[in-house]
Amino acid sequence: MEVRSGDGVCVIGAGPAGLATAVELSRAGIDFVCLDQRPGPGGVWSSEVTAGLTHAWPALTLNSPRGWFELSDHPMPRSYPDFPRADQVSAYLDSCLDHYAIRDRFEWSTGVTAVEPRSGGRWRVTLTTGEVRDFAAVVVANGHHNEPLLPDLPGEFTGGTRHSQTYRDREQYAGKRVLVVGFGNSGSQIAADVSGVAAATVLSIRRGGYVLPHYARGLRIDRAMPAWLGFLVNAYLPRMVVGPLLTAFYRLVVGSPTRSGLPAPDHHFGSALPTVTAELPDLIDAGLVRVRPQVSRLAGRVVEFTDGSREEVDEIVWCTGYRTTTPFLDEDIFRSDDNRVPLYLRVFHPEHPSLHFVGLLQAVGWGFLPLFESQARLVAAHLSGRYRLPEPARMREAIAADQQRVRRDFVDSSRNRYQMNGAVYQHECRVELRRGARRSTPVRT
């Protein structure tokens, strides 16, 4: 399709995915407006806290090294540490608006309540202000950290609880016994943070995983375990070889995944997101964080685990992930059952070509912004007429194949159901951009 001069594109969300989209639309000369219910850019990295929305806490650091969370022609300041803090990430994302001269394209404190199809592929967008606008196309970039997932457990806990969505600082846990549930990047960082002030810190781990330190073998971890190696292995070797080979390489570079008493993984390295943490293994070794298996029951302030052990705690922090939601879209148009993404290249809707999505992914590899940038380039090329989609039937076949690949290659859990290999996906996007350009070129006779 091609957006005509004077027609507009609505980008929903001004987090990393929305910013990447705005940059590429601006480059392509496409008229757009980016709406966000927060008072400023950055999404979960925004420095301004908005009630009911997910925010990074001040002590949080990127789990991707500097250089992997930046747009290709606007690097983070070299004065930043290798793993920047939340305030530095927020400042960088804000700087993108001025670097690309797009600040005037954003409307803050403006959410979207409904996106409805109209004739001719257009969209009616209803805002939280009550205003209704008409757009030629819509890009959904509202992220996937919106609706917290909480386990359904027998019993009742009478202490304090919160999901990591609302975690801000550790001071409220000073002198208390704290249980952190979840072994992802949030759980590992919160457990490490809390352990500095808590009377006791317990980390509940449902499934063993692979921990990546910030540095290994004297190198920053992305240099010790380079993205190009993951690309070559995943793109060119048989599946039966990939898992064992990557696991052997992990052991060579990092060591045993069960060091510090962590539970053994039931999967190969690369088939689930690893946990990036600089501190957790040392804190476990020092006895400042105790590891327990999955929670099985709650009883007052006593928590029982699947191995029969019990802990009495004052507070629980649930680091149990999120459900992908697009509440402004009717489920007949789009729904992400169990965090699966039924979209062509995770971007295009086969029945609604003027509806696009950027940012609905998790990736084994380093960094998200380069992946969002690849998606945004596809969107901009499509909206400028330089890229033509395949036929809907072909897109549906590709979606089914992608979902089958996810089931085959990755652990079946909520955060892995929209998983991909980042380097392989970027290559696929580049190839598809060329194919779509050929499809858009008229056949000469």
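Between T166 and R335, the C-beta separation translates, for a Förster distance of 30 Å, into a calculated FRET efficiency of about 0.70. Distance between the C-alpha centres of the stretch 266-297 and the stretch 333-396: 33 Å, rounded to the whole angstrom.
In this simple spin-label approximation, E116 and R407 carry label points 7 Å from Cα along the Cα→Cβ vector, and these lie 3.6 nm apart. A simple rule links phi to the HN-Hα coupling: the Karplus curve 6.51 cos²θ - 1.76 cosθ + 1.60 with θ = phi - 60°, which for the stretch 165-177 gives 3, 10, 6, 10, 7, 8, 4, 5, 9, 4, x, 9, 8 Hz, with x for Gly and Pro. Summary of the geometry: the stretch 22-98 and the stretch 167-206, compared by the centres of their Cα atoms, lie 26 Å apart. In plain terms, if you count all Cα to Cα distances in the chain and split them into 10 Å steps from zero, the share in each step is 4, 20, 30, 26, 14, 4, 1, 0 percent.
Near D307, once Lys and Arg are set to +1 and Asp and Glu to -1 for all other residues with Cβ below 15 Å from its Cβ, the sum equals +4. For S95, neighbours were defined as the other residues whose beta-carbon sits under 11 Å from its Cβ, and their charges (Lys and Arg +1, Asp and Glu -1) total -2.
Computed on the chain, with alpha-carbon pairs under 8 angstrom and 6+ residues apart, the relative contact order is 21 percent. Using only side-chain charges placed at the Cβ, +1 for Lys and Arg and -1 for Asp and Glu, the dipole size of the stretch 83-173 relative to its Cα centre rounds to 260 debye. In the stretch 151-318, Rg over Rh equals 1.02, where Rg is the alpha-carbon radius of gyration and Rh the Kirkwood radius from pairwise Cα distances. Building the convex hull from the alpha-carbon atoms of the stretch 16-132 and averaging its projection over directions returns 8.5 nm². Neighbours of D332, meaning other residues whose beta-carbon lies under 13 angstrom from its beta-carbon, give a summed charge of -3 when Lys and Arg score +1 and Asp and Glu score -1.
The value given for the stretch 215-280 is a Kirkwood hydrodynamic radius of 12.8 Å, derived from the mean inverse Cα-Cα separation. Only one residue of A14, A28, F249 has its Cα farthest out toward the positive end of the dipole of the chain, where Lys and Arg carry +1 and Asp and Glu -1 on Cβ, and that residue is F249.
Each reported figure results from applying straightforward, stated rules to the coordinates on display, with no laboratory input. Every value quoted in this text rests on a predicted model; they were computed, and no experiment measured them. Here Cβ is always computed from backbone atoms with ideal geometry, including for glycine, and neighbour counts include all displayed protein chains.
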